[in-house]
Amino acid sequence: MKSNNRLSPLWLALSAVIGIVIGTFYANHFSGNRLSIINSGSNKLNNLLYIIDDQYVDTVNMGDLVEKAVPQILSELDPHSVYISAKDVQSANDDLRGSFSGVGIEFTIRQDTLRVQGVISGGPAEQAGVVAGDKIVTVDDSVFTGKNLTSEEAMRRLKGPEGTEVKLGIMRYGEKDVLEIVVTRGEIPMNSVTAAYMLDETTGYIKLKNFGENTYYELLVALAQLAQEEFRQLVIDLRGNTGGYLQSAVQIANEFLPRHKLIVYTEGRNSPREDYRSDGRGSYQRIPLVVLIDEISASATEILAGAIQDNDRGTIIGRRSYGKGLVQKPIEFGDGSVMRLTIARYYTPSGRCIQKPYTSGSDKDYDDDILTRYQHGEFFSQDSIKHTGPEYHTGNGRTVYGGGGITPDIFVPEDTTDYTSYYKEASLTGLLLQFGYEYTDQHRSEMSEYRDMESLVKYLKKQHLVDQFANFAEKRGLKRRNLMIQRSFHLLDEYVTSRVVYGMLDEAALIEFLNQDDNAIREALRVFADGEAFPKAPEKETISKGS
């Protein structure tokens, strides 16, 4: 009896092994080759790739297959969860990182040729002798022109590790032979503050291009410079700013808000609510403030604008912002590629979600939203703004709306007063841009003595640029229409002049020039003059009772 008890565990073990062997045999031979594991979603995907690699009729590059599949999977989640391949990660991060290693030029590609638009002051290209207007036709003795030349290819060839050399073959206006210039690559700053100057004797102006790693510190430098000119009120221009890092927006908002004010909070299914509040150490908590936004302003831009608006700290002027309120977390794979996965949403201090509506998967309506707004007249009429979300209230009781983007306190429509079909064709065909480039190249030497925006523009006003453009365009197929040209004279003149100013000077000069005739800037100055920079609480309705 005792002997039988001692053998029982052994018999049980043997029986289990025999059962597994028999079960495996029948599973492999009689189950239609079905996988012997639970086909949950993740297992199914892994198994699919395994089966393709193991049984597909032709050899498959599994790495390429995965690279194509991952972006498609993420696109089924939301519009902003994305996959970045290893080769594209650095360029995707350069703008926000604040610098990159390269030659230090701004360029455009026209007529299959790379043309140097500007040379970064003090950068490697300037030190080597490259000047604005140069055409780069070879790189390291290889032809660098043709229909296959793209901005991505140009950046790939010109960027590189600091200290490495690249030989450029350059065609220069007035020179017969190709010049060979060797440039030693170096660290190139990518500034977020693209302009900082005084609009008038008391009003400072700062233009922010994005919210990168160094944006806050650049802003402090700009504020210090304006302080030397004794500014007493400030315009922060966020138009065209597509956003960037949350932390940069929080740091900047903190500079203007009193202590313990909510700036923004984030929350998601597996991301508990996290509040970001001001610490009261900001140096500009009482200065009158105006923030400019438009339909391109997104993400971190909307965080800053929302914090200022909901705390009644300043006046928001412009048009409804983009509506990007999803928080992405970068997750790196072993091969260096990165997935930016949406893990939470942004909420302004009043509790409204910045994100505009979307559906999972490919959402054409989402992609076309700005065009739809334009077609519905939202760029031209405040009454055309459609609020799809609920009402919220700022600290002093003003009504604001959720459902996507930041609606400004003061609406400024896009100005189409002088818009004609002639101007539309001149701009959309690229003829205005082309003329601006060619005029700059041909007259660079005589304009080089003008080192500031005002003197250069004064010179250009005497050159009859619109008439020169009309002749230029007519030779290229755009029929001259004198009445339309006269009506659109200001727009044509401003467009061409702006391209010459940019080509001869820099982006800061371009912004200063365009701001001279900007309706949003005019409205900001009016707000300051009328003492309306700090929004007031709405007046309470009084109801008279009958006797």
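The values are calculated or read from the model by the stated rules, or taken from the named source; none is laboratory data. Computed from a prediction, not measured in an experiment: that's the story for all the values here. Positions of Cβ are backbone-derived with ideal geometry, glycine not excepted, and every protein chain shown enters the neighbour counts. Areas reflect the complete protein model, heavy atoms only, side chains present, ligands, DNA and RNA absent. Shrake-Rupley method; radii C 1.70, N 1.55, O 1.52, S 1.80 Å.
Would the stretch 384-396 turn up any residue that is modelled with pLDDT under 85, under 28 Å from Asp518 (Cα atoms) and open to solvent by less than 50 Å² (accessible area, probe 1.4 Å)?
Looking for residues that are modelled with pLDDT under 85, under 28 Å from Asp518 (Cα atoms) and open to solvent by less than 50 Å² (accessible area, probe 1.4 Å), one finds at least one in the stretch 384-396, hence yes.
Among Glu230, Glu267, which is the only one that is in a loop (DSSP other than H, G, I, E, B), open to solvent by 10 Å² or more (accessible area, probe 1.4 Å) and acidic (Asp, Glu)?
Values: Glu267 fails: in a loop (DSSP other than H, G, I, E, B).
Criteria check complete, one pass: Glu230.
How about the stretch 166-186: which of its residues are exposed (fewer than 13 other Cβ atoms within 10 Å of the Cβ) and of a type outside the set (Gly, Ala, Ser)?
Of all residues in the stretch 166-186, those exposed (fewer than 13 other Cβ atoms within 10 Å of the Cβ) come to 174-177, 180, 182.
If the condition is that a residue be exposed (fewer than 13 other Cβ atoms within 10 Å of the Cβ) and of a type outside the set (Gly, Ala, Ser), then Glu175, Lys176, Asp177, Glu180, Val182 are the ones that fit.
Tell me, which residue of the stretch 187-210 that is crowded, with 19+ Cβ neighbours inside 10 Å and of a type in the set (D, E, K, R) is nearest to Ala298 (Cα to Cα)?
Lys209
Taking the stated definitions as given, is Ala222 at pLDDT 95 or above, in a helix (DSSP H, G or I), of a type outside the set (Phe, Trp, Tyr) and within 25 Å of the chain's Cα centre (by Cα)? First the steps, then the outcome.
Numbers: at pLDDT 95 or above: yes; in a helix (DSSP H, G or I): yes; of a type outside the set (Phe, Trp, Tyr): yes; within 25 Å of the chain's Cα centre (by Cα): yes.
Criteria met by Ala222.
Would you say Arg487 is in contact with a helix residue (DSSP H, G or I) (Cβ under 7 Å, 6 or more places away or on another chain), open to solvent by 70 Å² or more (accessible area, probe 1.4 Å) and more than 23 Å from Thr108 (Cα to Cα)? Walk me through it before giving the result.
Numbers: in contact with a helix residue (DSSP H, G or I) (Cβ under 7 Å, 6 or more places away or on another chain): no; open to solvent by 70 Å² or more (accessible area, probe 1.4 Å): yes; more than 23 Å from Thr108 (Cα to Cα): yes.
So Arg487 does not fit the description; no.
Name the single residue that is modelled with the lowest pLDDT among those in the stretch 352-367 being more than 17 Å from Ser321 (Cβ to Cβ) and in a loop (DSSP other than H, G, I, E, B).
Top of the filtered list is Ser362.
Please state which of the following conditions Glu213 fails to meet, knowing it meets all the rest: (1) surrounded by fewer than 21 Cβ atoms within 10 Å (Cβ to Cβ); (2) at pLDDT below 95; (3) touching a Ser or Thr at 6+ places or on another chain (Cβ under 7 Å).
Failed condition: (3).
What number of residues within the stretch 360-381 satisfy the criterion of being more than 26 Å from Asn519 (Cβ to Cβ) and either open to solvent by 80 Å² or more (accessible area, probe 1.4 Å) or among the basic types (Lys, Arg) (or both)?
Residues flagged as more than 26 Å from Asn519 (Cβ to Cβ) and either open to solvent by 80 Å² or more (accessible area, probe 1.4 Å) or among the basic types (Lys, Arg) (or both) within the stretch 360-381 amount to 5.
Gln486 versus (1) more than 28 Å from the chain's Cα centre (by Cα); (2) polar (S, T, N, Q); (3) not in a helix (DSSP H, G or I): which is the lone unmet condition?
(3)
Keeping to the stretch 109-131, report how many residues are open to solvent by less than 30 Å² (accessible area, probe 1.4 Å) and either within 25 Å of Gly212 (Cβ to Cβ) or among the charged types (D, E, K, R) (or both).
8
For residues in the stretch 334-359 being open to solvent by 60 Å² or more (accessible area, probe 1.4 Å) and free of Cβ contacts under 8 Å to residues at least 60 places away in the same chain, which is nearest to Ala305 (Cα to Cα)?
Ranking the candidates gives Pro357 first.
Determine the pairs where a residue that is over 19 Å from Thr108 (Cα atoms), located within the stretch 122-143, has a partner that is open to solvent by 50 Å² or more (accessible area, probe 1.4 Å) and modelled with pLDDT of 90 or more with Cβ atoms under 7 Å apart, the partner being 6 or more residues away or on another chain.
Ala128/Val182; Asp140/Lys167; Asp141/Lys167
For the stretch 87-107, state whether one or more residues are of a type in the set (Phe, Trp, Tyr), open to solvent by 40 Å² or more (accessible area, probe 1.4 Å) and outside any loop (DSSP other than H, G, I, E, B).
Yes, that holds for at least one residue.
Can Asn311 be described as open to solvent by 10 Å² or more (accessible area, probe 1.4 Å) and touching a Gly at 6+ places or on another chain (Cβ under 6 Å)?
yes
Spot the failing condition for Val116; the list is (1) assigned to a strand (DSSP E or B); (2) of a type outside the set (Ser, Thr, Tyr); (3) without any contact (Cβ under 8 Å) to a residue 60 or more places away in the chain; (4) more than 22 Å from Met447 (Cβ to Cβ), and only one is missed.
Failed condition: (4).
Of the conditions (1) among the aliphatic types (A, V, I, L, M); (2) touching a residue at least 60 places away in the same chain (Cβ under 8 Å); (3) farther than 19 Å from Gly243 by Cα, Ile287 fails just one. Which one is it?
For Ile287, the exception is condition (2).
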